[in-house]
Amino acid sequence: MTGTSEIRPTSAETLAHVLAVDIVGRATASADDLSRSLAILSEIAVTCETYEQAKKEGLLVTVPLPGGLILLFLGEPTTSVQCALELYETIRELPSMSVIMALHSGSVGVAADESGAFRAVGDGVEVTRALIEGGHPGQILLSESYAASLEQDETFASQIVEENDTTSGASPEKRYRIEPQKLFIIEREDSAGVHHALASALSDDGHEISGEGHSKSGIEWAKSLESRIRSADTVVAIVSDLNDDSDLVQFQLEIAIDERRKRGKPQIVPVWAKEGPTPDGPLAALNRNLHHAVWAGAEDNDRVISEVRAVLASGQTEIDTERLDSVRPVSAGGAVSSDSKFYVERPADKEFEEALRAHESIILVKGPRQSGKTSLIGRGVRFAEDLGWRCTTTDFQNLSSRQLQSEDHFYRVVAATLNLELGFDYDFDRDWIDTFGSNLNMGRFLRSLVASSEQPLVWFMDEADRLFTAPFASGFFGLVRSWHNARATDRRGPWPRLTIVIGYATEAHLFIEDLNQSPFNVGCEVELTMFTLENTQDLNARYGNPIADPSDVQALYALINGQPFLTRRAFDVLIRNKMDVATLLATAHREDGPFGDHLKRTLASVSQLPFVWDALKKSLAAPNLPDSDGLHRLVAAGLLVRKSERGYQLSCELYRRFLAHYLEAE
């Protein structure tokens, strides 16, 4: 029978790889509806690449069923599953049709019934029919023997899942199913097609491919972006020197890494396109911590596809939790060193320096996202070190979810880090006593640390917002407050030599139960402001005057209101000759414009939580609103600023232009 394009009615049987497709609901469908569904199913089948190729080679026989199809493949075993996945890819997009598919390799013959119509008979068919009887809509079921043979192929091995319920149906074997993996591809500037090649190959393997997409936008896209990343089995990140400063690329990676820490998925598979990320760029840490495939041109497509397939088949990347914990993409542009010629001094710089020099016990560095908090803290570190003081920095964003699960684990990690960074020799085995509890142990440790030297100690805490939602947040910040109080109550203690700097964006009172037991109402507050017009003019000069006309500098300032990140991004675009100033100003609010990544990230961020999106709409329609969690989150994100005692407005014209369309459509 092998090699023939048709099988005549015969009692002889031969080995075939059977794909049975059954239309869900056929028993109750009207004759017309069933006829239409069968016609659509047949049309989809004949357009499948695997179907066409097998038919052309004479290795396929199609046998209609009253409510579906039987496809008999006579070549390689994988052809039947490949065809099933191709059918799945198309049918899952059709809301009007649902099918159950089953696969088995066994003996098959074709016979004619009393009416003269062909029907498939034999073990190969009976097993698939039994599998379908116990199946559910959308499933691709496998017999135990077929699953065993398919496991030998790395393309499909990772997609085979044993069914928990093996008792339904008439099959005596265990039942398995093919479960296509959900893949999310992160990519912004695909210079030579590796994204298309990967997406096409992995889609052909049956995987569900999703991604940010250059042409996709809108509020529904924004709302679904985070959920699609978090629900993915694997995230493939295509990173090059062209996109490693992309705000949106980093945003997506932050989500993927956060979700991986929480549930062990998604896998994160970087593909370095061309030169990969710049050595000192914000994604350079990924190069050091994650196994990655390297792509230099179209000639590498097959090898990169093979490497990614191998990772999917193995079910794991060459990383572990501890290595992943050290990976944190930073905001595009990153912190600006205090000795950089592009560092802009603002009133907060002088206030911060004066507070440090005065040995304030607690200094609160407050400002919205991307306003320069980390840069200012870095400047404070430099200032304190120049005075010969001891300094240590804890970036709470670098702590994993696992390290924030319990109070004791958190304190031990923080204490061990301080001990190591300051070269302190604390005997944790002897002096960290479980009976005392976490707070008392941390207090004893810090007292010993401060007392170990006559030099002042400045503990810089960055991204303190990360702790606000931790179960022990109030307890920790209460402990910080107790160290402040100890200056008065523990007169012989070393506490006057300790200064704690806390950098944060979100209003603490939204999360801290009792502000009177926290440092947020006793600390010396240093609040960051936006760049002034004079700052913007000065930066233009430092960048070599890419904006020649002073009126254009004023127009840029009027558009972005001195937002530090946007100001630096504008000058970066201009000095790289990506566009002239007229084009930048005209296209600034567009998704394909100079700030497109940042704007799409902003839209994705504020649309994830309904109460935040609702607060944004209400604040624009009626600015005089009472304080709310949503409003304060928007202020922390840098999207809103307080206009009056109870009123808020968008922080710059750029946001108004970009968001107007989405807000009006709601």
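Rule-based calculations on the coordinates, nothing more; no lab input. This one's a predicted model, so the numbers in the text were calculated from it and none came from an experiment. Note that each Cβ is placed from the backbone with ideal geometry, even for glycine, and that neighbours are counted across all protein chains shown.
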Of SER30, SER231, how do they rank once you tally other Cβ atoms within 10 Å and put the fewest first? SER30, SER231
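What's the local net charge at ASP300, with K and R +1, D and E -1, over the other residues with C-beta under 12 Å away? Show your work: numbers first, answer last.
On the way: positive: LYS274, ARG303; negative: GLU299, ASP302, GLU307.
Overall, the nearby charge balance is -1.
Write down the Å³ per residue value for the convex hull defined by the alpha carbon atoms of segment 421-497.
Details: hull volume 9.3 nm³, N = 77.
Spread over its residues, the Cα hull of segment 421-497 gives 120 Å³ apiece.
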Say the dipole of segment 347-527 comes from +1 at the beta carbon of Lys and Arg and -1 at that of Asp and Glu; which of THR374, ALA486, PHE472 then lies farthest toward its positive end? ALA486
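By counting other Cβ atoms within 10 Å of each Cβ, how are LEU15, LEU528, LEU72 ranked from fewest to most?
Working: LEU15 17, LEU528 22, LEU72 27.
Going from least to most buried by this count: LEU15, LEU528, LEU72.
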With unit charges on the beta carbon (Lys/Arg positive, Asp/Glu negative), name the residue among LEU559, VAL612, LEU634 whose Cα is farthest towards the positive pole of the charge dipole of segment 533-665. VAL612
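Given C-alpha coordinates of segment 347-527, what is the ratio Rg to Rh with the Kirkwood estimate of Rh?
On the way: Rg = 15.4 Å, Rh = 16.6 Å.
Rounded to two decimals, Rg over Rh is 0.93.
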Cβ density ranking, 10 Å radius, fewest first, applied to MET101, MET530 yields MET530, MET101
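Between ASP514 and THR583, what is 0.36 nm times their sequence separation minus the Cα-Cα distance? Round to one decimal in nm. Mind dumping the intermediate values first?
Working: separation 69, 0.36 × 69 = 24.84 nm, distance 5.06 nm.
Going from the current span to full extension adds 19.8 nm.
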As a quick test, which of the pairs LYS174/LYS262; LYS617/LYS643; LYS373/LYS618 have an alpha carbon distance above 21 angstrom in this structure? LYS174/LYS262; LYS373/LYS618
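Out of every Cα pair in segment 533-665, what percent are spaced more than 20 Å from each other? Don't skip to the end; give the middle numbers.
On the way: 4083 of 8778 pairs.
Cα-Cα pairs of segment 533-665 separated by over 20 Å account for 47 percent.
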Show me the ranking of peptides 654-663, 342-351, 177-186 by mean Cβ neighbours inside 10 Å, starting with the highest. 177-186, 654-663, 342-351
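In terms of the Cα gyration tensor, with a ≥ b ≥ c the square roots of its eigenvalues, is segment 371-474 rounded because a/c is under 1.5, prolate because a/b exceeds b/c, or oblate? Don't skip to the answer; put the middle values down first.
Details: a/c = 2.44, a/b = 1.15, b/c = 2.11.
Oblate.
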What number, in nm² with one decimal, is the all-direction average of the projected area of the convex hull of the alpha-carbon atoms of segment 460-596? 11.6 nm²
Given 40-52, 121-133, the highest-first ranking by average Cβ count within 10 Å works out to 121-133, 40-52
Part-to-part distance (alpha-carbon centres) for segment 85-103 and segment 453-519, which is given in Å: 57 Å
Counting other Cβ atoms within 10 Å, which trypsin sites (Lys or Arg not before Pro) in segment 446-495 have at most 13 and lie in a DSSP loop? ARG491, ARG492
Dipole of segment 14-178, positive end: most advanced residue of ILE132, VAL161, ALA29 [Cβ charges, Cα centre]: ALA29
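When you have a sec, figure out the Kirkwood radius of segment 14-178 from all distinct Cα pair distances and drop it here in Å to one decimal?
Details: mean 1/r = 0.0631 Å⁻¹.
Here the Kirkwood hydrodynamic radius works out to 15.9 Å.
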